[in-house]
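Before any comments, here is the structure.
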Amino acid sequence: MIKQCTYLAACLAAAWAGSANAQEVRFPGLRIEAVGGLDITGAKLAYEDTAFPADNFAVTEDTNGAVFGFGIGYDAPIGQGTYVGIEGGYEWSDNERCEAVYGGDSACFSLKRNYFVGVRGGGRLSSAALAYGGIAYVNGKGEVSYSDPAAPGDNFAYSDNRGGYRVSLGVEQRLGKNVYGKIEYRYTDYADYTYTSGTETATLSFDRNQVIAGVGMRF
């Protein structure tokens, strides 16, 4: 009788452990997270004035800043160790760059808030880690400005929202029963900004490369 009870207890323990491991592999359910990291933006600002061609210019620059925000998502298992999910998030950046073009004038661009909605899918690396990739629609807010003390009539400032797309790759590691950490690379490309006033046209095109780390909780 004692041997039978011992055998039954061992079987129940094995079944419980197997169920826990399966849950770890699939990483299912609702999750929330906070993220932060490096934001590298490449931008090209072009200015053209058909009435004064000598004032035309084009500037291409990279600028670095910090990005931070939060996200929410839901993942569902679709097979042994694989899943698909939906996610969204909201971010802020302190990226800003100003450059002199001619003499005392200045051309600036800055990036503000950003949000995204998309899908992702992944597979296990171990019983406590997974790799994933995603694609999302993004909407970012940016501002471009030009200031010339010698010709105030040429000054302008323009801000707008712009849509685009994002692709991402990352690794997620379970740190506790409901807590996880992540490292992720993101590439984002936005539609161009174009502003026209009279004979003047300004165009700003930019993309972003981000490396972020995050911590989250599953429910």
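Would you be able to say whether some residue in the range 33-48 is assigned to a strand (DSSP E or B), over 18 Å from L111 (Cβ atoms) and aromatic (F, W, Y)? There is at least one residue in the range 33-48 that is assigned to a strand (DSSP E or B), over 18 Å from L111 (Cβ atoms) and aromatic (F, W, Y). Determine if the range 57-65 includes at least one residue that is buried (at least 18 other Cβ atoms within 10 Å of the Cβ), of a type outside the set (D, E) and either assigned to a loop (DSSP other than H, G, I, E, B) or over 22 Å from the mean Cα position of the chain (by Cα) (or both). No - not one qualifying residue is present in the range 57-65.
Looking across the range 190-216 at every residue that is of a type in the set (D, E) and farther than 13 Å from R166 by Cβ, the one that is modelled with the highest pLDDT is identified as E200. When you scan the range 66-95, how many residues do you find that are of a type in the set (D, E), surrounded by 15 or more Cβ atoms within 10 Å (Cβ to Cβ) and under 17 Å from T188 (Cβ atoms)? The total comes to 2. Filtering the range 96-123 to residues that are surrounded by fewer than 18 Cβ atoms within 10 Å (Cβ to Cβ), of a type in the set (D, E, K, R) and at pLDDT 85 or above leaves only R113. Based on what the data block shows, is G85 of a type outside the set (A, V, I, L, M, F, W, C) and either under 16 Å from G142 (Cα atoms) or in contact (Cβ under 8 Å) with a residue 60 or more places away in the chain (or both)? For G85, the condition - of a type outside the set (A, V, I, L, M, F, W, C) and either under 16 Å from G142 (Cα atoms) or in contact (Cβ under 8 Å) with a residue 60 or more places away in the chain (or both) - is not met.
Restricting attention to the range 196-217 and to residues that are surrounded by 20 or more Cβ atoms within 10 Å (Cβ to Cβ) and more than 11 Å from the chain's Cα centre (by Cα), the residue that is nearest to L38 (Cα to Cα) turns out to be G214. Within the range 161-210, being part of a strand (DSSP E or B), touching a strand residue (DSSP E or B) at 6+ places or on another chain (Cβ under 7 Å) and of a type in the set (V, I, T) holds for V167, V171, V179, I183, T188, T194, T201, T203. Considering (1) part of a strand (DSSP E or B); (2) farther than 21 Å from E184 by Cβ; (3) more than 20 Å from the chain's Cα centre (by Cα), the lone condition that A51 does not fulfil carries the number (1). For first residues located in the range 53-77 and within 30 Å of F219 (Cα to Cα), partners that are among the basic types (K, R) and part of a helix (DSSP H, G or I) and lie 6+ apart or on another chain with Cβ distances below 9 Å form the pairs D75/R26; A76/R26; P77/R26.
The values are calculated or read from the model by the stated rules, or taken from the named source; none is laboratory data. Predicted, not measured: the structure shown is a model, and the values here were computed from it. FYI the Cβ positions are ideal-geometry reconstructions off the backbone, even for glycines, and counts take in every protein chain you see.
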